[in-house]
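J.: My structure is below; once you've seen it, I'll send some questions.
The values are calculated or read from the model by the stated rules, or taken from the named source; none is laboratory data. Small disclaimer: the values here were computed from a predicted structure and weren't measured. All Cβ positions, even for glycine, are placed from backbone atoms using ideal geometry, and neighbour counts span all protein chains on display.
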Amino acid sequence: MTQQVGRVVELKPKQAAGYVRISNDPNGTERGVLRQIEDIYERAAQLGWTIVEIYVENDTSAYKKRRVFLPDGRAVRRVVRPEFRRMLDDFYHGRVDGIIVWIRTGCCVNRAT
């Protein structure tokens, strides 16, 4: 469904997704990602979107690199976030057509200067 807003056309996703991530959860309680999931569903309801998939990366760094092996056998250091990659792949292939991402803002966010 499209909605005309001025000269911009907004498309309402039919199959939306949510992405949540917590960097550090050493006890595996998942309390942080569970709170984020609640927020994702709340925001989706406000937008009138239907969430069909939630991609969760608990205790997963967005920056810490690990050693991985490429198909040609070379070893490289890369950030490993499999659910993020799966979400992008699903979006690219049309399995989801909108994404809501929980983003932390405020005084505790590291900012480049």
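J.: Being farther than 13 Å from R21 by Cα, out of contact with any Phe, Trp or Tyr (no Cβ under 8 Å at 6 or more places or on another chain) and at pLDDT below 90 is the requirement here; does R95 meet it?
T.: When the stated conditions are applied, R95 does not pass them.
J.: Within segment 32-79, can you find the residues that are over 28 Å from K14 (Cα atoms), among the aromatic types (F, W, Y) and at pLDDT 80 or above? Spell out how you get there, then give the answer.
T.: Pass one, segment 32-79, residues over 28 Å from K14 (Cα atoms): 59-79.
Subset that is among the aromatic types (F, W, Y): 63, 69.
F69 - this is the single residue of segment 32-79 that is over 28 Å from K14 (Cα atoms), among the aromatic types (F, W, Y) and at pLDDT 80 or above.
J.: Need at least 2 residues that are farther than 18 Å from W102 by Cβ and either β-branched (V, I, T) or out of contact with any Leu (no Cβ under 8 Å at 6 or more places or on another chain) (or both) per element, so show me which strands (runs of 3 or more DSSP E) inside segment 34-86 make the cut, counting only ones lying wholly within it. Give the steps one after another, and end with the answer.
T.: Numbers: elements: 51-58, 65-69, 75-79.
Per the criteria, 65-69, 75-79.
J.: Can you find, within segment 80-96, the residue that is surrounded by the fewest Cβ atoms within 10 Å (Cβ to Cβ) among those that are touching a residue at least 40 places away in the same chain (Cβ under 8 Å), under 13 Å from the mean Cα position of the chain (by Cα) and closer than 25 Å to K14 by Cβ?
T.: First, the residues of segment 80-96 that are touching a residue at least 40 places away in the same chain (Cβ under 8 Å): 81, 83-84, 87, 90-91, 95-96.
Next, only the ones that are under 13 Å from the mean Cα position of the chain (by Cα) stay: 81, 83-84, 87, 90-91, 96.
With closer than 25 Å to K14 by Cβ added as a condition, the list becomes 83-84, 87, 90-91, 96.
Numbers: E83: 16, F84: 17, M87: 22, D90: 18, F91: 14, V96: 22.
Filtering segment 80-96 for residues that are touching a residue at least 40 places away in the same chain (Cβ under 8 Å), under 13 Å from the mean Cα position of the chain (by Cα) and closer than 25 Å to K14 by Cβ, the one surrounded by the fewest Cβ atoms within 10 Å (Cβ to Cβ) comes out as F91.
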